[in-house]
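Written out below as structure tokens is the structure these notes cover.
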Amino acid sequence: MAEAGQAVLTRFLAHRRQTEDLARRFPSECAEFTPWAGALGLAALIGHMAVAHRRLMGVACDGQPPELAAAPADLAGVCAALARYTQDAGARLRDLDDAQLLRPVTFRDRTVPAGTWLELALEHEVHHKGQLFVYARLLGIEPPPWRSRD
């Protein structure tokens with residue numbers, strides 16, 4: 001296990017585990033819930049989070065995003081996809097070293113270090129996790145408390 005990769009993985013999992021916990025709290029009949037016009041439905045939002053992180057991780061690690069099937073439309077399916085992508089991220093991120101994180105990666109005419117793509121993926125996750133908290137509160141669901149899980 002590379003120290004740099006373990007640090008990236010620890011930060012990612014601190015957020016992803018809470019996202020997974022929150023996603024499991026929504027009842028299946030809320031899959032299409034949208035709190036405002038134009039918002040993603042609940043299941044679509046969770047699926048977007050899973051797929052977007054996996055694609056940005058592919059950019060960071062492989063130089064390009066992987067082709068992925070669309071996330072399922074039901075909550076059980078998106079929660080399963082989220083868990084699979086979390087497991088995949090753990091396997092890929094923990095072995096990254098400093099040289100790999102500093103390696104320049106070009107995607108969509110933007111060249112930044114691989115670690116910056118991973119930071120963008122984490123920021124994206126945090127942004128949408130905040131939206132999930134709003135969805136939960138509007139549905140009367142108590143979100144999990146923040147806690148760091150190393």
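For the reader, a short list of remarks on this structure follows.
- Fully extended contour minus Cα-Cα distance, from residue 34 to residue 87, at 0.36 nm per residue: 16.3 nm
- For the chain, the longest principal axis of the Cα atoms and the long axis of helix 75-93 meet at an angle of about 20 degrees.
- Kirkwood hydrodynamic radius (C-alpha pairs) into Stokes-Einstein, the chain, 4 °C and 1.567 mPa s, D in µm²/s: 82 µm²/s
- Residue-wise HN-Hα coupling along the stretch 66-74, computed from phi with Karplus coefficients 6.51, -1.76, 1.60 (Hz; x: Gly, Pro): x, 7, 10, 5, 4, 5, x, 8, 9
- Per-residue HN-Hα couplings for the stretch 55-62 [Karplus 6.51, -1.76, 1.60; θ = phi - 60°; Hz; x = Gly/Pro]: 5, 5, 5, x, 4, 5, 8, 10
- Between the residues 53, 28, 79, the greatest Cα displacement towards the positive end of the dipole of the chain, with unit charges on the Cβ of Lys, Arg, Asp and Glu, is found for 28.
- Working note: Karplus 6.51/-1.76/1.60 with θ = phi - 60° gives the stretch 114-122 the couplings 3, x, 5, 4, 5, 5, 4, 4, 5 Hz, where Gly and Pro are set to x.
- Amide H contacts under 5 Å for residue 2, placed H, 5+ residues apart: 95, 96
- Separation of the residue 73 and residue 11 label points, Cα + 7 Å toward Cβ, nm: 3.7 nm
- The stretch 41-136: GluC sites (Glu not before Pro) in DSSP coil with no more than 16 other Cβ atoms inside 10 Å: 67
- The chain, dipole about Cα centre (Lys/Arg Cβ +1, Asp/Glu Cβ -1), debye to the nearest 20: 160 debye
- Stretching the chain fully between residue 116 and residue 48 yields a gain of 22.5 nm (0.36 nm per residue, less the alpha carbon separation).
- Residues whose amide H lies under 5 Å from that of residue 107, counting only those 5 or more places away or on a different chain, are 112; hydrogens are built 1.01 Å from N in the peptide plane.
Every number in this text was worked out from the coordinates using simple rules, so none of it is lab data. Every value quoted in this text rests on a predicted model; they were computed, and no experiment measured them. Every residue, glycine as well, gets a Cβ built from its backbone with ideal geometry; the counts of neighbours run over all protein chains shown.
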